[in-house]
Amino acid sequence: RDVKLGLMTVGGFAAATLFFAAITWVLLKLLRQWVPSSATPRWLLLATRQVMARPVYAVVQVSALSVGLLALVLLVLLRTDLISSWRKATPVNAPDRFVINVQPDQTAAFQTALTQASPNRHPQPPSWPRIQPTAPRPSALPFAPGSAIDLWRPTLA
């Protein structure tokens, strides 16, 4: 199901890119026929000449901009559907408030502040400790003078 949906999405964007490229190419051809008239202002003649010097670049730029705007419009249109599906997928009792950067030595004081702020809340919201990333200690890394570890070591102190 996901592969089929992914292929449909990629195919749709590829078709949209080709559509926008074809429209741009036709508009450039029409612009080339319309501009070289004697009544054309000088600034328009120079700008058109610049675009017509490399029409493939103009087609690629307009197609890329069009597909980018198409993706933004698609996200705006699907926003409410995405939010409603996320809400349906979330359990009813899932936490909806998160606090980050509470250090282990601050946890007890933070829990006390929560209890005092909402004494009628049953049960007390759960608290999980922050997870430390597991990075090797600088002393555990192989050392060779002039290596990247040697240059990195003073900044880790």
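The values are calculated or read from the model by the stated rules, or taken from the named source; none is laboratory data. The model shown is predicted, which means the values in this text are computed figures rather than measured ones. Please note: Cβ atoms are built from the backbone with ideal geometry, for glycine as well, and neighbour counts cover all protein chains shown. Protein only, heavy atoms only, side chains kept; ligands, DNA and RNA dropped before computing areas. Shrake-Rupley method; radii C 1.70, N 1.55, O 1.52, S 1.80 Å.
Residues of the range 31-57 that are farther than 22 Å from Leu69 by Cβ, of a type in the set (A, V, I, L, M, F, W, C) and open to solvent by 60 Å² or more (accessible area, probe 1.4 Å): Trp34, Ala39, Trp43, Leu46, Ala53. Taking first residues from the range 9-37 that are outside any helix (DSSP H, G or I) and partners that are not hydrophobic (A, V, I, L, M, F, W, C), the Cβ contacts under 9 Å between residues at least 6 apart in sequence or on separate chains come to Val35/Thr48; Val35/Arg49; Pro36/Thr48.
Within the range 86-93, is there a residue that is surrounded by fewer than 12 Cβ atoms within 10 Å (Cβ to Cβ) and within 20 Å of the chain's Cα centre (by Cα)? Outline the logic, then answer.
So in the range 86-93, the residues surrounded by fewer than 12 Cβ atoms within 10 Å (Cβ to Cβ) come out as 86-93.
Cutting the leftovers down to within 20 Å of the chain's Cα centre (by Cα) gives us 86.
Looking for residues that are surrounded by fewer than 12 Cβ atoms within 10 Å (Cβ to Cβ) and within 20 Å of the chain's Cα centre (by Cα), one finds at least one in the range 86-93, hence yes.
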